[in-house]
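Peer 1: So that we are looking at the same thing, I have put the structure below in structure tokens.
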Amino acid sequence: MPDPIIRTRFAPSPTGFLHIGGARTALFSWAYARHFNGTFILRIEDTDVERSTPEAVQGILDGMQWLGLQPDEGPFYQMRRMDRYREVIGQMLKAGTAYHCWSTPAELDAMREAQRARGEKPRYDGRWRPEHRSRLGLVPPDGAQPVVRFRNPDSGDVAWTDLVKGPIAFANAELDDLIIARSDGTPTYNFCVVVDDWDMQITQVIRGDDHVNNTPRQINILRALGAVPPQYGHVPMIHGSDGQKLSKRHGAVSVMQYDEDGFLPEAVINYLARLGWSHGNTEIFSRAELVSWFDGSHLSHSPSQFDTEKLKWLNNHYLKAMTDDALAAMVAPRMDRRGVPVQAPGSPDLAAACGLFKDRAGTLEELADLASMLWIEPAHANPSLAEELAAQLRPEAVPALRTLSERLASCQWDKASIAAAIKEVLSAHSLKMPQLAVPVRLKVFGRAQTPSVDAMLALMSREVVLRRLG
Ligand code: GLU
């Protein structure tokens, strides 16, 4: 069977960073389109001119590029589509699905007050609808500019089967006549979304469930326009580990911050996909696998919890899957920023260093921190080195260290030969590994714990090791 024609969109408002929640919405919309060989559209909802900024637009574009979520169409900007919104408003006024309303804010307040006093839900009462207007004898005040309201159906339900939440219904009686154009003529948020989804022939709207209440209004407007509403899928919010909605308090909010912190886009994609979606118990999967499985089913209806440790665990998996050379290329600028002279003559090989430490690193930053120990002078790495050394260096290890220096001065300079030299010294002096290895680590690297000491020493130049042991 050929794939149905699928068109999804990601429609962020550029009022801040591309955050984790937005990125997940983008990912789901992207993966859904890719799964069905459809089209993924990027639309920038920038009509809130007070809060939208070009920096935020750039942040969204950068974040999506970094994540590899390339749109097939767009970015489209709502601010460039104002003529189109006005045109549709004109058509609706003509068709009678929208009407002018001159109610002032004071009048609306009084209306709501009276409704509340009668124990009713406060809402616009439709008094400027053409049929009521003449009945009530309302006359447009001189010089005042009206808003335009959508004529919402009075009765029945507006219902849809949500891709995520299943059947949802709202009673039309609960929805009042929404303002679709302000008195200065500018269209309102819900209206622009509707016209865009219609014009862009969107078939699936996947978005955060903070938009559930907008959906019945949007469906009603689409129907009034003679359009078939798309399918909707409202994904639950992402919470922090404390169960609260994810916010700045929980650490990195911007997707690009994850780049800075040393996460790989593959890991972030893999992690985000599992936040609110599952494929059995599979935790680790590629982008291609995600696309092949992501058909809109298995989306969770409960909020997901963001767990940085799990993200690090996944990131570690992807770091380990990289070649040492590729890792070194990514770690090099991070070493630069730390002032670690990885290019200095006689320096350890950065790729080999990455290979040695990658098992232990959750991020590229952690890897750079760990690998730095091969460059930092022991006394700098550890201000209490002298005390630690005094505590760890048993008297019987002192001559053993001397013998080790002698062996290391003449053995071949590779891991196996260094390991053999250490072994010989241990047996000659009847010592156990930690009794020798811990002082060696402290003297050469300034820390008691490192990856295996032979591998560490082999990465250093013989000269530096002998100087530090001496
Ligand atoms: N612009 C809206 C937002 O950023 C999304 C609208 C939608 O997806 O329909 O929350």
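Peer 1: Can you say whether Pro236 is under 28 Å from Met64 (Cα atoms), open to solvent by less than 20 Å² (accessible area, probe 1.4 Å) and within 16 Å of the ligand (Cβ to nearest atom), as far as the supplied structure shows? First the steps, then the outcome.
Peer 2: Numbers: under 28 Å from Met64 (Cα atoms): yes; open to solvent by less than 20 Å² (accessible area, probe 1.4 Å): yes; within 16 Å of the ligand (Cβ to nearest atom): yes.
Considered against the rule, which asks whether it is under 28 Å from Met64 (Cα atoms), open to solvent by less than 20 Å² (accessible area, probe 1.4 Å) and within 16 Å of the ligand (Cβ to nearest atom), Pro236 comes out as yes.
Peer 1: Where the second residue is near the ligand (Cβ under 7 Å from one of its atoms) and the first is closer than 19 Å to His239 by Cα and lies in region 8-22, which pairs have Cβ atoms under 7 Å and are six or more apart or on separate chains?
Peer 2: Leu18/Pro12; Gly21/Gly208; Gly22/Pro12
Peer 1: Tally the residues that are out of contact with any strand residue (DSSP E or B) (no Cβ under 7 Å at 6 or more places or on another chain), assigned to a helix (DSSP H, G or I) and more than 16 Å from the ligand (Cβ to nearest atom), restricting the search to region 154-190.
Peer 2: 2
Peer 1: For region 1-35, enumerate the residues that are among the basic types (Lys, Arg), in a helix (DSSP H, G or I) and within 16 Å of the ligand (Cβ to nearest atom).
Peer 2: Selection gives Arg24 alone.
Peer 1: Name the residue that is modelled with the highest pLDDT, counting only residues in region 210-262 that are polar (S, T, N, Q) and more than 30 Å from Trp198 (Cβ to Cβ).
Peer 2: Once the filter is applied, the top-ranked residue is Gln257.
Peer 1: Select from region 36-80 the residues that are among the small types (Gly, Ala, Ser), part of a helix (DSSP H, G or I) and in contact (Cβ under 8 Å) with a residue 60 or more places away in the chain and list them in ascending order.
Peer 2: Gly59, Gly63
Peer 1: Only residues that are on the phi > 0 side of the Ramachandran plot and within 40 Å of the chain's Cα centre (by Cα): list them for region 430-470, please.
Peer 2: Gly446
Peer 1: Go through region 240-270 and give me each residue that's assigned to a helix (DSSP H, G or I) and of a type in the set (D, E, K, R).
Peer 2: Lys248, Arg249, Asp259, Glu260, Glu266, listed by residue number.
Peer 1: Being open to solvent by 10 Å² or more (accessible area, probe 1.4 Å) and near the ligand (Cβ under 9 Å from one of its atoms) is the filter here; which residues of region 191-207 pass it?
Peer 2: The answer is Arg207, and nothing else.
Peer 1: Filter region 106-136 down to the residues that are assigned to a loop (DSSP other than H, G, I, E, B) and open to solvent by 90 Å² or more (accessible area, probe 1.4 Å), then identify the one that is modelled with the highest pLDDT.
Peer 2: Arg118
Peer 1: Can you pull out the residues in region 27-57 that are over 16 Å from Val193 (Cβ atoms) and either surrounded by 22 or more Cβ atoms within 10 Å (Cβ to Cβ) or in contact with a helix residue (DSSP H, G or I) (Cβ under 7 Å, 6 or more places away or on another chain) (or both)?
Peer 2: Leu27, Phe28, Trp30, Ala31, Tyr32, Ala33, Arg34, His35, Thr39, Phe40
Peer 1: Let me ask you something else. Would you pick out the residues in region 137-153 that are surrounded by 11 or more Cβ atoms within 10 Å (Cβ to Cβ) and either at pLDDT below 95 or in a loop (DSSP other than H, G, I, E, B) (or both)?
Peer 2: Those that are surrounded by 11 or more Cβ atoms within 10 Å (Cβ to Cβ) and either at pLDDT below 95 or in a loop (DSSP other than H, G, I, E, B) (or both): Leu138, Pro140, Gln145, Pro146, Arg151, Asn152, Pro153.
Peer 1: State yes or no: is Pro75 at pLDDT 95 or above, within 16 Å of the ligand (Cβ to nearest atom) and crowded, with 19+ Cβ neighbours inside 10 Å? Break it down stepwise before answering.
Peer 2: Working: at pLDDT 95 or above: yes; within 16 Å of the ligand (Cβ to nearest atom): yes; crowded, with 19+ Cβ neighbours inside 10 Å: no.
The answer is no for Pro75.
The values are calculated or read from the model by the stated rules, or taken from the named source; none is laboratory data. Since this is a predicted model, take the numbers as computed values, not measurements. Every residue, glycine among them, receives a Cβ derived from its backbone with ideal geometry; neighbour counts consider all protein chains shown. These accessible areas exclude ligands, DNA and RNA; they are computed on the full protein's heavy atoms, side chains included. Shrake-Rupley method; radii C 1.70, N 1.55, O 1.52, S 1.80 Å.
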